[in-house]
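The structure appears right after this line, and notes come after that.
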Amino acid sequence: MTELQRLLRAYDEHRAAGRACALASVVDVQGSAYRRPGARMLLTADGQLTGAISGGCLEGDARQRARRTIEQGRPAVVTYDSTDPDDDLQFGAALGCQGVVQILLEPLDFRDPANPVELLRRWAEGVEAPAVVATVFSLGAAEARLGQRLLLTADGAAHGTLPEHSALYAAVLADARAALTAGQPATRHYPAATGAVRVSLEILRPPVRLTVYGAGNDVQPLVRLAAGLGWRVTVLDGRPAQAQPARFPEADAVRVLPLAQVAEEPHQPGSFALLMTHNYHYDRAVLRHLLPATSARYIGLLGPRKKYERLLADLQQEVPDAAEQLRARLHSPIGLNLGAETPEEIALSIVAEIQAVLTGRPAGFLRDSPHPIHPPLQANGPLVAEGRVDAVCGL
């Protein structure tokens, strides 16, 4: 289950119980921070938390401020500044991150179908493509209100509470389209007639779609791990005794796919595929089926390198350029070099490799990387700190 799915489930439970709550969202970051813009946490008036906006250091202070936000019935922005490490550790939030984090706190009206959580639900249910949500979080102008949003989906539809037919709306919509095309989040500063407005452009990404060919015992820990990350997992196998939903309760679907029907299985563009059948002929049929570039963006083949070389030699007798078609997508041997031996360790190495491919990272030791853990947030203006907050670490 993804973080957003957990938040939506908790929201529904609070609404059913009539339990007042607020949404805390990371909207801007400068320097180092544990969470990036788009991280969210649901807080209730009685102190219940779902999600996270930090590693635990901000949650305690945010809980108190969220209670006041609910009582006052209006949103607020809180700035946590730890850029002076000595002062922060002695008097501030004790983050130790040496960065600035801005949090938008908003009371939620269960009766409002356009409140922030319901807007996110509109995208999350049945989602298959990325989207952008633009959030107004800093005001110096009368052209917008704190917390107003615009949701732009992949089909070009725009929804939300940001007023249309204004210069600000047109500018935000244009930047949201650019962010969606580039797949990059950003922070934008918009001059207005009476001041300025800052808007966070967050990329909403659909869950990873993973198809596992093979339903052996070694697939079970992999499905558990992948599902725990919120990935949508489908398990396919030609053996009815193995392809049983009861063996993979965390999977979205478990189906019997006979060898003769492999070629008829629909492609899922942009998905990830794992070949873990331990059957040479079944693996060959699946690999042949996944040759087109419109099939899976990643193909992981379990087994030694010699197995892949033999499979490729067989395939090239039928498709001479099979090696070229698979070069950028096929990973065999599969997984990161973690020294994995047990099924659980192998599952970890495979899922970690997929995550690295998904984010375009080399998957080396962070201590050896000269680059920051997170790429700098694109912004066309400096972060505006609206007063420092001295918070007590909630750890």
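The values are calculated or read from the model by the stated rules, or taken from the named source; none is laboratory data. The shown structure was predicted, so the numbers you read here are calculated from the model rather than taken from an experiment. Glycine gets a Cβ as well: all are built from the backbone with ideal geometry, and neighbour counts include every protein chain shown.
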Check your understanding: Going by the structure shown, is TYR282 surrounded by 18 or more Cβ atoms within 10 Å (Cβ to Cβ), outside the structural domain of GLY38 (by TED's automatic domain parsing), farther than 20 Å from GLU324 by Cα and not hydrophobic (A, V, I, L, M, F, W, C)?
Key -> yes
Revision key, fill the gap. Scanning region 36-61 for residues that are closer than 25 Å to LEU139 by Cβ, without any contact (Cβ under 8 Å) to a residue 60 or more places away in the chain and outside any strand (DSSP E or B) gives ALA39, ILE53, SER54
Review point. Only one residue in PRO113, PRO130 is in contact with a Lys or Arg (Cβ under 6 Å, 6 or more places away or on another chain) and surrounded by fewer than 21 Cβ atoms within 10 Å (Cβ to Cβ). Which one?
Key: PRO130
Review point. If we scan region 337-346, do we find a residue that is crowded, with 18+ Cβ neighbours inside 10 Å and among the hydroxyl-bearing types (Ser, Thr, Tyr)?
Key: no
Point to revise | Lone unmet requirement of (1) β-branched (Val, Ile, Thr); (2) part of a loop (DSSP other than H, G, I, E, B); (3) surrounded by 14 or more Cβ atoms within 10 Å (Cβ to Cβ) for THR294 | key: (3)
Review point. Counting only residues that are part of a loop (DSSP other than H, G, I, E, B) and either among the hydrophobic types (A, V, I, L, M, F, W, C) or under 20 Å from PRO191 (Cβ atoms) (or both), how many does region 122-160 have?
Key: 12
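Every residue, every condition in (1) assigned by TED's automatic domain parsing to the domain that holds LEU23; (2) over 22 Å from the mean Cα position of the chain (by Cα); (3) surrounded by 17 or more Cβ atoms within 10 Å (Cβ to Cβ); (4) more than 30 Å from HIS289 (Cα to Cα), yes or no:
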site	(1), (2), (3), (4)
GLY160	no, no, yes, yes
GLU164	no, yes, no, yes
PRO185	no, no, yes, yes
ARG188	no, no, yes, yes
ARG198	no, yes, yes, yes
Check your understanding: Since GLN261 meets every condition but one in (1) closer than 30 Å to THR359 by Cα; (2) modelled with pLDDT of 95 or more, which condition does it not meet?
Key -> (1)
Review point. Which of the residues spanning region 353-367 are closer than 21 Å to ALA226 by Cβ and among the aliphatic types (A, V, I, L, M)?
Key: ILE354, ALA356, VAL357, LEU358, ALA363
**Study point:** Filter result for ASN337 (touching a Lys or Arg at 6+ places or on another chain (Cβ under 9 Å) and either more than 30 Å from LEU201 (Cα to Cα) or at pLDDT below 95 (or both))
**Key:** no
Practice item. Test ARG67 against the stated conditions and say whether it is over 18 Å from HIS374 (Cα atoms), in contact with an Asp or Glu (Cβ under 9 Å, 6 or more places away or on another chain) and in a loop (DSSP other than H, G, I, E, B). Key: no
Exercise for review: Give the number of residues within region 98-136 that are over 19 Å from the mean Cα position of the chain (by Cα) and farther than 20 Å from VAL199 by Cβ.
Suggested key: 9
Practice item. Within region 258-271, identify whether any single residue is buried (at least 22 other Cβ atoms within 10 Å of the Cβ) and not assigned by TED's automatic domain parsing to the domain that holds ALA129, and answer yes or no. Key: no
